[in-house]
Amino acid sequence: MAWYVGRRLLQMIPVFLGATLLIYAMVFLLPGDPVAALGGERGLNPAVAAQIRAEYNLDKPFLVQYLLYLQGIFTFDLGTTFSGRPVTDVMADAFPVTFQLAVMALAFEAVFGIAAGVIAGLRKGKAFDATVLVLSLLVVAVPTFVIGFVMQFVVGVKLRWLPTAVGSDVSFTSLIMPAIVLGAVSFAYVLRLTRNSVAENLTADHVRTATAKGLSRPRVVSVHVLRNSLIPVVTFLGADLGALMGGAIITEGIFNINGVGGTLFRAIQQGQSTTVVSVTTVLVIVYIVANLLVDLLYAALDPRIRYA
Amino acid sequence: MSQPTSTGAAARPSDQQPLLAIRDLEVSFTTAAGVVPAVRGVDLTVYPGQTVAIVGESGSGKSTTAHAIIDLLPGTGKVTGGSIMFEGRDLAALSRREMVAVRGKEIGLVPQDPMSNLNPVWSVGFQVKEALKANGVARGAAADKRVAELLTEAGLPDAARRAKQYPHEYSGGMRQRALIAIGLAARPKLLIADEPTSALDVTVQRTILDHLQGLTEELGTAVLFITHDLGLAAERAEHLVVMYRGKVVESGPARDILSAPRHPYTQRLVASAPSLASQRIQSAKERGVTTTELLAPTGGDGVNATRDDVVAVENLTRTFKLRGGRPGKQKEFTAVDDVSFAIKRGTTMALVGESGSGKSTVANIVLNLLDPTSGRILFDGTDLSTLNRAQLFDFRRRVQPIFQNPYGSLDPMYSIYRTIEEPLRTHKIGDQKSREARVRELLDLVALPASTMRRYPNELSGGQRQRIAIARALALGPEVIVCDEAVSALDVLVQAQILTLLNDLQAELGLSYLFITHDLAVVRQIADEVCVMKSGKIVEAAVTDEVFDNPREQYTRDLLAAIPGAALNIFGGSDQGIRA
């Protein structure tokens, strides 16, 4: 087990190097000159431009730039943005709020998705099942920004149940609505996945054996159907954490959240390679760690899986 | 249905009240096409302590009848008529809650497939303990102790430690023992054993059934034994009930039914039970000799006309690396260990062994789907490892497989025509018109109407599908066919038909078969020579009759003794062996 975790952590090194190099190269290859863009219409004094280029190592060859960047990482210096702010500061601003948002969204889709999915699976073909399936299809089909704006308008503006936007006042209540919007599509997937998994497991031979033993129906469902059904759902949820963190840009935009998505978007537009690469790399690491946790959870749910 | 007459040791007073009395039972399933009756007016009586067997092919309604008793019908199944009286109560009229109280406590179940009937995510001990708790037998530490006792009683060694393990750490036989422990946990008065050993090797089957029989006799538990194997039923039960298409066609004392079957279906069943009638299917064989001689190359002299070895396997060894383990410390597993044999042209070589003996690995190597670690295969004198791409392509045409599961080996999205035509198209043989003619010819060869070609696998029965698989294998006019458990998934009657078909085809086309099976009874019907495999090695190799009449190895003798019904001497009219 320790061997397995160690090996998986070691695998993160090549992934980290590969991801940073790839992202760095892509930002480098973006059309346009970020330094020239800083000057706007009038253009920069060539001497100033050269100074900026030297300061940000933009005058050096690509590989040297990349190696200097790596060197910075190991000395905990991720460089600064063009406005002179340390990249670490930018990330410290953006990540906590996005992380909180992603975890809340994950909790929402897990709790409600699994609960509704189990009920639908147990009542396959009945009214509840049919309704929930149609609703979930609707959620998947309607774009996130539509759900976001409609909810903001109805719940926030008309009913005034929840704050309409987050802004600088990040609190649990203000993040509830964004979390629901962010997790809506995954909620629908979790629901359908759970529902199918439960319905399938209900017909398994070992469930019939459990019934034949004389167990009551609630016991059969909770002990012999639920645990087996959650295995595929857990896989989905784990992979989803990474997607929720990196993909929150629309939701962040609607609810005015100063998070990872917006930061990344602005950095890409301005060609700020250090910021883009740093933020993306952290996202990659979050993704890898989440996957590792899923694999470990998997072994806890299913004793057939043993890592050696 | 006739009253069970007393048979030897199983005598019972005629005034005894039946434990279970099923009268006029009707069970139907609702499908898109309407209501389909599965059980039609079944009568069945089980007395306390008695063992009754229901025999029939798949789809005969035997399992449905059993599941109706404890309200475990799958899907849309419903009891639509009749009564199931158990100790004076009609089980069909019980509420859901009352039925929960009956299950496990009054009537236990030992299900069919030990691989899928234990929940993989809970330890075996936990699953046995559940049965104890649910039926109020024991709880807490007392229950843990009882679990170990029950597992020991079911024949599981080192039960206290084993109880903490998970089903995947158990072999099939051990899982079935655990299921028996669960079925008997609350000491039910009736145990329904639904094909409890059909998924197991014959030797394991024998020890488990012996054990189950001993246990139920000791506890005085009545057993309703469900099986497709007439020999097995006759060996294990006092009273037989033969079911066919949802109806009981014959019932009575086991010996009477075997020695004097009255219903035509039972007669066919008795005649084709491989465990009872064990002779090489001969009629076609005779023709086979002449055909091969006619087909033999005419250019040479008489010596060439004698049968040569079409496939020669020399010192074959195959090892697999076991997954996991640290680098450099990986373990190796030898699946096939120095195996040599040869298949003479136009004959059948059978490779027999239990699961895990390496026989399927040999089949895959002969098919060149797997490379040997060492050793070589000569096909028609050519070493397979020396073939280049074009030669390999040609080899594929000349050696064809038929696999065990006709449900899995046919692509459900392909029509039968496309399935059979595909090898012809792959090898660019003929144009569309001639290929269609060939498909017709092949269907005719396997005795299916030409109209079958427009249908899809799911519209066909298991036997029909296996015929399609044979037609596909024959499409390219192969010389050797590797049958990997080709009849193991089929009912006895269908099995007999397919074996006859394979024999006729061998005679007609001069085919050579490599027949992989775990079933010695089948070997006797089809094979000319036999190799018995155990743990990757060939332990005995001889002509079929020699192996059956004069087995040299203890292992072969064990295998022979384990054939269900082997001890029955039904045609001799002797009394012994019915309830051994």
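Tell me, which residue of segment B:482-506 that is among the hydrophobic types (A, V, I, L, M, F, W, C) and farther than 13 Å from B:Ile470 by Cβ is surrounded by the most Cβ atoms within 10 Å (Cβ to Cβ)?
Within segment B:482-506, the subset among the hydrophobic types (A, V, I, L, M, F, W, C) is B:482-483, B:486-487, B:489-490, B:492-494, B:496, B:498-499, B:501-502, B:505.
Pick out the ones that are also farther than 13 Å from B:Ile470 by Cβ and you get B:489, B:492-493, B:496.
Details: B:Ala489: 19, B:Val492: 24, B:Leu493: 17, B:Ala496: 22.
Checking each candidate, the answer is B:Val492.
Any idea which of A:Val142, A:Val90 is among the β-branched types (Val, Ile, Thr), buried (at least 21 other Cβ atoms within 10 Å of the Cβ) and over 21 Å from A:Leu237 (Cβ atoms)?
A:Val90
Within segment B:63-94, which residues are away from chain A (no Cβ under 11 Å), among the β-branched types (Val, Ile, Thr) and farther than 13 Å from B:Pro37 by Cα?
Selection gives B:Ile84 alone.
Restricting to segment A:111-130, name every residue that is within 23 Å of A:Met177 (Cα to Cα) and surrounded by fewer than 17 Cβ atoms within 10 Å (Cβ to Cβ).
Correct list: A:Val111, A:Phe112, A:Ala115.
Suppose the filter is of a type in the set (Val, Ile, Thr), in contact with a Phe, Trp or Tyr (Cβ under 9 Å, 6 or more places away or on another chain) and more than 14 Å from chain B (Cβ to nearest Cβ); does A:Thr235 pass it?
yes
Give me a count of the residues in segment B:385-408 that are out of contact with any Lys or Arg (no Cβ under 7 Å at 6 or more places or on another chain), more than 24 Å from B:Pro457 (Cα to Cα) and of a type outside the set (Lys, Arg).
Of the residues in that region, 9 qualify.
Could you please give the count of residues in segment B:113-137 that are more than 8 Å from every other protein chain (Cβ to nearest Cβ) and in contact with an Asp or Glu (Cβ under 9 Å, 6 or more places away or on another chain)?
Adding up the residues that qualify gives 4.
Which of the residues belonging to segment B:332-343 are more than 11 Å from B:Leu316 (Cβ to Cβ) and modelled with pLDDT of 90 or more?
B:Ala342, B:Ile343
Looking at (1) surrounded by 16 or more Cβ atoms within 10 Å (Cβ to Cβ); (2) of a type outside the set (Phe, Trp, Tyr); (3) modelled with pLDDT under 85; (4) farther than 30 Å from B:Pro167 by Cβ, which is the only condition A:Gly259 fails?
(3)
Any idea which of B:His168, B:His211 is assigned to a helix (DSSP H, G or I), away from chain A (no Cβ under 14 Å), surrounded by fewer than 24 Cβ atoms within 10 Å (Cβ to Cβ) and under 25 Å from the mean Cα position of the chain (by Cα)?
Result: B:His211 is the single residue among B:His168, B:His211 that is assigned to a helix (DSSP H, G or I), away from chain A (no Cβ under 14 Å), surrounded by fewer than 24 Cβ atoms within 10 Å (Cβ to Cβ) and under 25 Å from the mean Cα position of the chain (by Cα).
For segment B:95-112: of the residues being among the aliphatic types (A, V, I, L, M) and within 30 Å of the chain's Cα centre (by Cα), which is nearest to the other protein chains (Cβ to nearest Cβ)? Working first, answer last.
We begin by selecting, within segment B:95-112, every residue among the aliphatic types (A, V, I, L, M); these are B:99-102, B:107, B:109-110.
Those left that are additionally within 30 Å of the chain's Cα centre (by Cα): B:107, B:109-110.
On the way: B:Ile107: 8, B:Leu109: 4, B:Val110: 9 Å.
Checked segment B:95-112; the qualifying residue nearest to the other protein chains (Cβ to nearest Cβ) is B:Leu109.
Just to be sure before I move on: is B:Ala390 outside any loop (DSSP other than H, G, I, E, B), over 25 Å from B:Val494 (Cβ atoms), without any contact (Cβ under 8 Å) to a residue 24 or more places away in the chain and among the aliphatic types (A, V, I, L, M) in the structure I sent?
So B:Ala390 passes the test.
Among (1) more than 11 Å from chain B (Cβ to nearest Cβ); (2) free of Cβ contacts under 8 Å to residues at least 60 places away in the same chain; (3) charged (D, E, K, R), there is one condition A:Arg192 misses while meeting the rest; what is its number?
Among (1) more than 11 Å from chain B (Cβ to nearest Cβ); (2) free of Cβ contacts under 8 Å to residues at least 60 places away in the same chain; (3) charged (D, E, K, R), the lone unmet condition for A:Arg192 is (2).
Would you list the helices (runs of 4 or more DSSP H) that sit entirely within segment A:239-308 and hold 1 or more residues that are within 14 Å of another protein chain (Cβ to nearest Cβ)?
Once the helices (runs of 4 or more DSSP H) in segment A:239-308 are filtered for at least 1 residues that are within 14 Å of another protein chain (Cβ to nearest Cβ), what remains is A:273-301.
The values are calculated or read from the model by the stated rules, or taken from the named source; none is laboratory data. Not measured: the values here are computed from a predicted model. Please note: Cβ atoms are built from the backbone with ideal geometry, for glycine as well, and neighbour counts cover all protein chains shown.
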